[in-house]
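A quick write-up on the structure given underneath.
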Amino acid sequence: MELLDKLKWRYATKAMNGKVVPQEKVDAIIEAARLAPTSSGLQPFEIYVVKSQEVKEKIKPIAWNQSVITDCSHLLVFAAWDTYTPERINYMFDLTNEIRGFKNQGWEDYRKMLLDSYPQRDAEENFNHAAKQAYIAFSQAITAAAFEGVDATPIEGFDPNALDEILGLREKGLRSAVILPIGYRAETEDWLVNLVKVRKSTEDLVTVIE
Ligand SMILES: Cc1cc2nc3c(=O)[nH]c(=O)nc-3n(C[C@H](O)[C@H](O)[C@H](O)COP(=O)(O)O)c2cc1C
């Protein structure tokens with residue numbers, strides 16, 4: 001199947017059957033998220049992988065009782081940095097220098113520019129910026145899941161404060177942004193499985209400037 005066929009196959013699965021996704025597929029989905037581009041390469045988020053049925057049961061009621069929370073195989077939680085700190089910025093710049101094995105003045109000037117602006121900004125603004133980056137990784141995870149023939153449900157329908165509490169995210173300087181149960185569709189129970197995908201036309205979506 002071509003990638004576009006797989007993207008047509010995927011849908012926001014409403015019912016899953018509890019079947020476990022093999023570890024190599026989970027790894028591939030997470031790797032796609034890790035490889036996502038992010039603003040300044042800061043990767044300002046972490047991914048929590050909830051396998052525990054007990055923890056999923058705790059999350060379900062604060063996620064509109066959506067059945068996929070407990071019937072999925074793994075629940076991925078994309079948790080964004082609560083703000084940008086000098087430590088967090090320096091960590092990624094130092095990591096770049098270490099991995100590439102050299103220092104570059106332009107890159108160091110860019111580091112200084114971020115250090116002189118991001119940490120001073122309002123934490124909420126920083127969290128929103130970090131959460132946008134988490135969404136890029138989330139999107140890559142959705143695509144990778146489809147590529148692997150694994151179903152996924154993108155979910156914003158949950159109480160982020162309650163989820164932060166359940167997973168102890170705030171103490172770690174993180175806030176949940178969006179969640180992604182992955183698993184396998186329960187074909188006979190899912191009202192959405194056979195419905196035609198609805199998208200606006202390319203003409204309505206795209207304006208070409210010649
Ligand atoms: C950020 C985001 C949040 C969403 N939240 C939910 C949700 O809480 N529950 C749900 O069933 N679907 C949720 N969806 C699924 C969308 O409704 C769905 O992707 C959209 O209607 C397009 O349908 P398709 O994904 O099946 O092609 C969400 C999708 C996105 C991208």
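Spin-label pair N161-D116: with each label point 7 Å from Cα along the Cα-Cβ axis, the two points sit 3.8 nm from one another.
Can you tell me which of 201-208, 31-38, 79-86, 188-195 comes out highest on packing, and rank the rest after it, using the mean Cβ neighbours within 10 Å? Working shown, then result.
Numbers: 201-208: 7.0, 31-38: 15.0, 79-86: 21.1, 188-195: 11.6.
Taking the mean over residues of other Cβ atoms within 10 Å, the ranking is 79-86, 31-38, 188-195, 201-208.
When a footprinting reagent is the concern and you count Cβ atoms within 10 Å, what order do H74, H129 take, fewest first? If you can, show how the numbers build up before the last one.
On the way: H74 21, H129 18.
Least crowded to most crowded, the residues run H129, H74.
Around the Cα centre of the chain, unit charges on the Cβ atoms of Lys, Arg, Asp and Glu (plus for the first two, minus for the last two) sum to a dipole of about 240 debye. I'd like the chymotrypsin sites (Phe, Trp or Tyr not before Pro) in segment 88-124 restricted to DSSP loop residues with at most 15 other Cβ atoms within 10 Å, sorted by number. Passing sites in segment 88-124 are F102.
Projecting the Cα atoms of A146, P181, A130 onto the charge dipole of segment 62-210 (Cβ charges, centred on the Cα centre) puts A130 farthest toward the positive pole. Under the combined filter of DSSP loop state and at most 13 neighbouring Cβ atoms within 10 Å, segment 137-210 retains these trypsin sites (Lys or Arg not before Pro): K197, R199, K200.
Given the pairs K19/K200; K19/K197; K19/K60, which span a C-alpha to C-alpha distance of over 28 angstrom in this model? Walk me through the intermediate numbers first.
Working: K19/K200 33 Å; K19/K197 25 Å; K19/K60 18 Å.
Exceeds cut-off: K19/K200.
Using a cut-off of 28 Å between Cα atoms, the listed pairs K58/K132; K112/K172; K6/K172; K56/K132 include K6/K172 as exceeding that distance. Here is the P(r) of the chain: all C-alpha pair distances, binned every 5 Å from 0, give 1, 7, 13, 16, 16, 15, 12, 10, 6, 3, 1, 0 in whole percents.
A dipole drawn for the chain from +1 and -1 charges on Cβ atoms has a positive end, and of P61, Y118, W81 the residue lying farthest that way is P61. DSSP finds beta bridges in the chain, and of those with both partners inside it, around 95 percent are antiparallel.
All of the numbers you see were taken from the coordinates with simple rules; none came from a lab. Owing to the predicted nature of the structure, the values given are computational and were not obtained by experimental measurement. Heads up, the Cβs are rebuilt from the backbone with ideal geometry, glycines too, and the neighbour counts pull from every protein chain shown.
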